[in-house]
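Down below is the structure, laid out as structure tokens.
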Amino acid sequence: MAVLGIVAEYNPFHNGHLHLLNEANKAADFSATVCVMSGNFLQRGEPAICDKWARAEMALKCGVDLVIELPFCFAVRSAYHFAKNAVELLYRTGVVTHIAFGSESGHIHTLKTLATLLTNEPEQYKALLKKYLSQGLSFPLARSRALQHFLGNDISKLHEVLSGPNNILAIEYLRAIEERNIPLIPLTVARKGSAYHSTDLSKYASATAIRKALTKNNGIEVVTAALPPSSLDILTREIRSGHAPVLFNSLEQAILAKLRTISTNDLKAIYEVSEGLEHRFKNAATSCSTLDELRQLVKSKRYNLTRINRTLLYSLFNLTKNQAHLFDQHGPLYLHILGFSTKGQKILQKIKIKSQVKIFHRGRDIKDAFDENQDNVLGNMVCLDVRATDVYSLLLPNIKARKGGKDFTTSPVMA
């Protein structure tokens, strides 16, 4: 039995996602498609435009059969940790055989070559990486420079490959498979349409362009061509009910309050706060009156805006270095089911037999894990998910929809 696995954020589900799904399904006669999807906060350190259940529903209406949440502690991390644990979660279902992902390159051999190099890290490459990091460059840029220097002309158009956001994630998926010797067959589909960061609206507009258009108080009509009809209907419903759009700056007061009240020592213990960054954050929080001002003040060659956004989330949710280390040692410890189709329900029955991790199928399962496991790794992982949903609810435009505890009361979406 072949089962296709996909890792996604679907923020929101657009025509490019549908293209990937359709093309990947041509590779084999798959029994079902299983998606590991980020919850309410995303890999770039931002809240999703609409909640995880609405985005799961979009995926199900467009052909995905089972949607599983990637725990918060991995969903908001760097590309390496995001990809590694998403791949691990697919593997821990016990049924997924293939993984498909988009890439600007579209060439699996080139991506595999880079993934193998990063897995093995030859001494010359490590020396080059150290050299560029010592120049104050951010890790992604330093790594890109080191790879280009090390490989020279061995891979054509290397700079373009390393600068593509989808390529970077693709390399990390392949690296995760190689490092852990995970028996997933990788497939890549060339990205179609606008570039990842493009703000142009078209049939294959990027998620960035769609979100930007919606946050400018435009009507949803401006993004109609970029979304499958069912995805458009769900997003329209969420906007009209005041459940969307959710914006990053909605966290402004919460983040500034957190940074102004947390002690410097406690801030220093937060994951990815190092090299005196705790002092930069504290000083910026005191002298700035907006989140944008703070981010620009802290930004440097070493710390780009994406890393700053993520670190701000870690601070808000008290994700410490010690916690992150424990989470990385254990990997994802449960499958939180966000939604399923009829085929997905059948696959879920097989997962219940083959998977060796807990399956949270109902809100009651989350509540029990939350109440009973506060002092262990699984409990801490669940606690962060619940905390993330509770904070996210406070960002909804509709004040009446801001109640907490939704992870305890919301059932999986059925399609």
(request) Select from the range 206-236 the residues that are in a loop (DSSP other than H, G, I, E, B), closer than 23 Å to Pro397 by Cβ and under 21 Å from the mean Cα position of the chain (by Cα) and write down the one among them that is modelled with the lowest pLDDT. (result) Thr215
(request) Could you tell me which numbered condition Leu348 fails, if it satisfies all but one of (1) surrounded by fewer than 18 Cβ atoms within 10 Å (Cβ to Cβ); (2) touching a Phe, Trp or Tyr at 6+ places or on another chain (Cβ under 8 Å); (3) assigned by TED's automatic domain parsing to the domain that holds Ala75? (result) (1)
(message) For the range 118-134: of the residues being in contact (Cβ under 8 Å) with a residue 24 or more places away in the chain and among the polar types (S, T, N, Q), which is surrounded by the fewest Cβ atoms within 10 Å (Cβ to Cβ)?
(response) Gln124
(request) Give the range 225-243 a look and list any residue that's of a type in the set (Gly, Ala, Ser) and either surrounded by fewer than 23 Cβ atoms within 10 Å (Cβ to Cβ) or assigned by TED's automatic domain parsing to the domain that holds Asn309 (or both), or say none. (result) Ala225, Ser230, Ser241, Gly242
(request) Confirm whether Leu384 is aliphatic (A, V, I, L, M), surrounded by 15 or more Cβ atoms within 10 Å (Cβ to Cβ) and part of a helix (DSSP H, G or I). (result) yes
(request) Return the only residue of Ile49, Ile108, Ile68 being closer than 13 Å to Ile171 by Cβ and either assigned by TED's automatic domain parsing to the domain that holds Val391 or touching a Pro at 6+ places or on another chain (Cβ under 8 Å) (or both). (result) Ile108
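How do the strands (runs of 3 or more DSSP E) wholly within the range 1-82 filter down when requiring 1 or more residues that are hydroxyl-bearing (Ser, Thr, Tyr) and under 10 Å from the mean Cα position of the chain (by Cα): which remain? Break it down stepwise before answering.
On the way: elements: 3-8, 32-38, 66-70.
It comes to 32-38.
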(request) Under 7 Å between Cβ atoms, at least 6 apart or on separate chains: pull out the pairs that start in the range 279-304 with a residue that is closer than 15 Å to Leu251 by Cβ and end on any residue that is surrounded by fewer than 18 Cβ atoms within 10 Å (Cβ to Cβ) and of a type in the set (S, T, N, Q). (result) Leu291/Asn249
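Take the range 152-166 and flag every residue that is out of contact with any strand residue (DSSP E or B) (no Cβ under 8 Å at 6 or more places or on another chain) and either at pLDDT 80 or above or outside any loop (DSSP other than H, G, I, E, B) (or both). Quick ask: steps written out before the conclusion?
Just the residues of the range 152-166 that are out of contact with any strand residue (DSSP E or B) (no Cβ under 8 Å at 6 or more places or on another chain), to begin with: 152-163, 165.
If the condition is that a residue be out of contact with any strand residue (DSSP E or B) (no Cβ under 8 Å at 6 or more places or on another chain) and either at pLDDT 80 or above or outside any loop (DSSP other than H, G, I, E, B) (or both), then Leu158, His159, Glu160, Val161, Leu162, Ser163, Pro165 are the ones that fit.
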(request) May I ask you to list the residues in the range 86-110 that are surrounded by fewer than 24 Cβ atoms within 10 Å (Cβ to Cβ), hydrophobic (A, V, I, L, M, F, W, C) and part of a helix (DSSP H, G or I)? (result) Ile108
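Taking the range 338-380 as the search range and keeping residues that are among the β-branched types (Val, Ile, Thr) and either assigned to a helix (DSSP H, G or I) or at pLDDT below 95 (or both), which one is farthest from Asn322 (Cα to Cα)? Please lay out each step first, then the result.
Of all residues in the range 338-380, those among the β-branched types (Val, Ile, Thr) come to 342, 347, 351, 353, 357, 359, 366, 377.
Next, only the ones that are either assigned to a helix (DSSP H, G or I) or at pLDDT below 95 (or both) stay: 342, 347, 351, 353, 366, 377.
Working: Thr342: 41, Ile347: 36, Ile351: 31, Ile353: 33, Ile366: 23, Val377: 11 Å.
Per the stated criteria, the residue is Thr342.
Any chance the range 241-259 includes a residue that's under 24 Å from Leu396 (Cα atoms), without any contact (Cβ under 8 Å) to a residue 40 or more places away in the chain and not aliphatic (A, V, I, L, M)? Spell out the reasoning first.
Here is the first cut: in the range 241-259, the ones under 24 Å from Leu396 (Cα atoms) are 241-259.
Add one more test, that the residue is without any contact (Cβ under 8 Å) to a residue 40 or more places away in the chain, and what stays is 252-253, 256-257.
From what's left, not aliphatic (A, V, I, L, M): 252-253.
Yes, because at least one residue in the range 241-259 is under 24 Å from Leu396 (Cα atoms), without any contact (Cβ under 8 Å) to a residue 40 or more places away in the chain and not aliphatic (A, V, I, L, M).
The values are calculated or read from the model by the stated rules, or taken from the named source; none is laboratory data. Just so it is clear, the model here is predicted, and its values are computed rather than measured. A quick note on method: Cβ atoms are made from the backbone with ideal geometry, for glycine too, and the neighbour counts reach across all protein chains shown.
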